[in-house]
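This report refers to the structure that appears directly beneath it.
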Amino acid sequence: IEEEILSMIQTRDEGTTSETMGSLKLSVTFKMDRKVDANGVQEVWNMLPPLVQEAFIWKPDLVLRHARAIESANPEAYKILAQFITVKPARPSVKVEQKQEEE
């Protein structure tokens, strides 16, 4: 159903689009996932202007090939690793609500 709703709504890169269809108001929120090339940033960190440096925060990130290797080679160690990881796909959210009657 969501795919059908998405085909009826004007898409955009980010933000929310709302349309009224009959007695329903449809709202779709579009998002973009952004991933930082941490290795690339680290290589040039000292050359970046402070203003650009302020756009980054440093946090732990997953090295997927190592995580997969641990998962297949050592399931017990992977259980420890897995408690710190959340995996989910990013997708548009769809909201359908009853249109308010005009007075």
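The values are calculated or read from the model by the stated rules, or taken from the named source; none is laboratory data. Everything numeric here is computed off the predicted structure, so don't read it as measured data. Reconstructed Cβ throughout: ideal geometry from the backbone, glycine too, with neighbour counts over all protein chains shown. These accessible areas exclude ligands, DNA and RNA; they are computed on the full protein's heavy atoms, side chains included. Shrake-Rupley method; radii C 1.70, N 1.55, O 1.52, S 1.80 Å.
What the table shows:
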{"read-out": "Surface per residue (accessible, 1.4 Å probe) for the chain, Å²", "value": "90 Å²"}
{"read-out": "Accessible heavy-atom area order of 84, 56, 30, highest first, probe of 1.4 Å", "value": "84, 56, 30"}
{"read-out": "Helix 64-73 vs. the chain, principal-axis angle (Cα, 0 to 90°, nearest 10)", "value": "70 degrees"}
{"read-out": "Calculated FRET value between residue 48 and residue 14, using beta carbons and R₀ = 22 Å, to 0.05", "value": "0.30"}
{"read-out": "Residues of type aspartates and glutamates that residue 35 reaches as a straight line, Cα spacing below 13 Å, ignoring anything fewer than 8 places off in the same chain", "value": "61"}
{"read-out": "With every protein chain in place, the stretch 1-83: carbon and sulfur % of accessible area (1.4 Å)", "value": "54 percent"}
{"read-out": "Formal net charge of residues neighbouring residue 33 (Cβ-Cβ distance under 12 Å; K, R +1; D, E -1)", "value": "+3"}
{"read-out": "Average Cα contact separation per residue, the chain, under 8 Å, 6 or more apart, as relative contact order %", "value": "38 percent"}
{"read-out": "Sequence-distant lysines (8 or more away, or on other chains) whose Cα lies within less than 30 Å of residue 99", "value": "25, 31"}
